[in-house]
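Novice: Once you've had a glance at the structure underneath, I'll fire off some questions.
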Amino acid sequence: QVQLVESGGGLVQPGGSLRLSCAASGTIFNINVMGWYRQSPGEQREMVATITAGGSTNYKDSVKGRFTISRDNAKNTVDLQMNSLKPEDTAVYYCNADLRLTAYSGYNDYWGQGTQVTVSS
C-alpha cells in the first residue's frame, strides 16, 4: 500500500510564501517523476511543477521564477517552495508520484489527498 501525504498548505496574504511537502511511503521500488498539481473549483487539475529522479524540472509558465520544486530521492519526498504568491494561485494542491512497486512491475501514478492553499488579504 502506497501513501502520499502532503503538508504545508494554509492561508497566506498576496506576496507571501508557503512551502508544501509530500512524503511517499509503503512498498516502493523506485520513483520516476514526482510533481505538484493543483485544482481550483470548476477547473481541471493542472500541472504546477514536476521533477525527475535525476533532478530535471518543469514548471507551469505562470509560476516560473516564483515556485521551486525539489526532492530527496533517499527519503521519497518532494517539496514545493512557493514565493510571491498571488490570489490566482489559490487551489487545492496535490502531490503526484510516478512509481513502481517492484523491479518487475510497471510505473503507475499515485496521488496525495490534497492540501488547500488560499492566497487572500
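Novice: Would you mind checking the radius of gyration and Dmax of the chain based on alpha-carbon positions, in Å?
Specialist: 14.2, 50
Novice: Projected onto the charge dipole of the chain (+1 at Lys/Arg Cβ, -1 at Asp/Glu Cβ, origin at the Cα centre), which of S21, S121, C95 gives the Cα projection farthest towards the positive end?
Specialist: The Cα lying farthest towards the positive end belongs to S21.
Novice: In straight Cα distance, which aspartates and glutamates are under 18 Å from K86, not counting same-chain residues fewer than 8 positions off?
Specialist: By straight Cα distance, K86 reaches E43, E46, D61.
Novice: What accessible area per residue comes out for the stretch 15-116, rounded to a whole number of Å², with a 1.4 Å probe?
Specialist: Values: 5200 Å² over 102 residues.
I get 51 Å² per residue for the stretch 15-116.
Novice: Quote to one decimal, in nm, the extra length available between N108 and D72 on full extension: 0.36 nm per residue of separation minus the C-alpha distance between them.
Specialist: Stretched out fully, the N108 to D72 stretch lengthens by 11.0 nm.
Novice: Related question: Keeping the other protein chains in place, figure out the carbon and sulfur percent of the accessible area of the chain, with a 1.4 Å probe.
Specialist: The value for the chain is 46 percent carbon and sulfur by accessible area.
Novice: Taking a 1.4 Å probe, which of W36, W111 shows the most accessible area, and what order do the others take after it?
Specialist: Heavy-atom accessible area, descending, gives W111, W36.
Novice: Before anything else, pin down the relative contact order of the chain: Cα pairs under 8 Å, at least 6 apart, normalised by residue count, whole percent. The partial results should precede the final answer.
Specialist: On the way: 308 pairs, mean separation 43.6, N = 121.
With pairs under 8 Å counted, the relative contact order is 36 percent.
Novice: Moving on. Treat every Asp and Glu Cβ in the stretch 1-64 as -1 and every Lys and Arg Cβ as +1, leave all other atoms uncharged, and give the resulting dipole magnitude about the Cα centre to the nearest 20 debye.
Specialist: 80 debye
Novice: Each residue of the stretch 95-106 in turn: what ³J(HN,Hα) in whole Hz from Karplus with 6.51, -1.76, 1.60 and θ = phi - 60°, glycine and Pro shown as x?
Specialist: 3J(HN,Hα) across the stretch 95-106, in whole Hz: 8, 9, 9, 9, 9, 10, 7, 9, 5, 10, 9, x.
Novice: Karplus couplings for the stretch 25-34 from phi (6.51 cos²θ - 1.76 cosθ + 1.60, θ = phi - 60°), rounded to Hz, Gly and Pro as x?
Specialist: Working through the residues one at a time gives 9, x, 7, 10, 7, 7, 10, 7, 9, 10 Hz.
Novice: Could you work out how far apart the two model spin labels at Q39 and D98 are, taking each label as a point 7 Å from the Cα in the direction of the beta carbon, and quote it in nm?
Specialist: Using points 7 Å along Cα→Cβ, the separation is 2.0 nm.
Novice: So how far, in whole Å, is the C-alpha centre of the stretch 80-96 from the one of the stretch 1-57?
Specialist: 10 Å
Novice: Hey, got the dipole for the chain? About the Cα centre, +1 on K and R Cβ, -1 on D and E Cβ, debye to the nearest 20?
Specialist: Dipole of the chain, to the nearest 20 debye: 180 debye.
The values are calculated or read from the model by the stated rules, or taken from the named source; none is laboratory data. Here the structure is a predicted model, which is why all the values come from computation and not from measurement. Positions of Cβ are backbone-derived with ideal geometry, glycine not excepted, and every protein chain shown enters the neighbour counts. Accessible surface areas use protein heavy atoms only, side chains included; no ligands, DNA or RNA. Shrake-Rupley method; radii C 1.70, N 1.55, O 1.52, S 1.80 Å.
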